[in-house]
Amino acid sequence: MLNYTYPLLLVLLMWQCQEDTIYERSTVTESYTDGVKFGQSIVLEKGEPVTVYSNGGEAPRKLHVTLEQLFDSRCPANAACVTYGNAAVVLSASNSQGANKAIELCIGKCDTEPIRDTHTVTTLVGETSYRFTLKEVVPFPGLEKDGEKKVAKLVVEKM
């Protein structure tokens with residue numbers, strides 16, 4: 001009986017962590033010296049600040065966003081793992097009036113939640129509500145090239 005239990009357990013563990021999705025490596029070539037508009041995609045390295053702004057028919061708003069921390073414990077590509085792992089970021093957001101807020105976002109297997117590809121949080125910074133969405137963290141573990149830095153891809157929207 002034990003002769004069948006161990007191989008079966010090994011097969012189940014390997015089956016749990018297999019990736020069906022092919023992750024493509026992306027490059028960061030964008031510069032945000034002038035900032036980006038709300039709703040546009042942003043790619044940030046750790047410690048990199050960006051100003052997100054609105055213009056048009058409403059009162060101008062600016063939000064300063066910085067990627068403070070980035071953690072990536074996802075199972076590397078082409079590896080058999082017991083758990084999927086996750087990628088988490090901590091953002092710092094501040095407005096022109098000096099209100100500050102820390103925003104935590106996580107993709108993958110986070111706490112007791114099911115595995116998720118994106119994570120969205122709506123929060124107040126000062127008196128204005130914003131929606132922060134973490135789209136992905138790249139490069140995926142096991143697919144990075146020498147000298148390539150981890151970046152977070154996200155979208156910030158003013159509600």
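A short reminder: the numbers here are calculations on the coordinates, not readings from a lab. Please read all numbers here as calculations on a predicted model, not as lab measurements. Note that each Cβ is placed from the backbone with ideal geometry, even for glycine, and that neighbours are counted across all protein chains shown.
Stretching residue 48 away from residue 78 to a fully extended chain increases their span by 7.7 nm, per 0.36 nm per residue minus the current alpha-carbon distance.
Quick check on packing: order 106-115, 127-136, 149-158 by the mean number of other C-beta atoms within 10 Å, highest mean leading.
On the way: 106-115: 13.4, 127-136: 17.0, 149-158: 19.1.
Order by mean packing, descending: 149-158, 127-136, 106-115.
Quote the relative contact order of segment 29-155 in percent (integer), defining contacts as alpha-carbon pairs under 8 Å separated by 6+ residues. Walk me through the numbers before you get to the answer.
Working: 268 pairs, mean separation 27.8, N = 127.
Once normalised by length, the contact order is 22 percent.
Suppose we look only past 20 Å in the calculated P(r) of segment 92-159. What percent of the Cα-Cα pairs does that tail hold? Of all Cα-Cα distances in segment 92-159, 41 percent exceed 20 Å.
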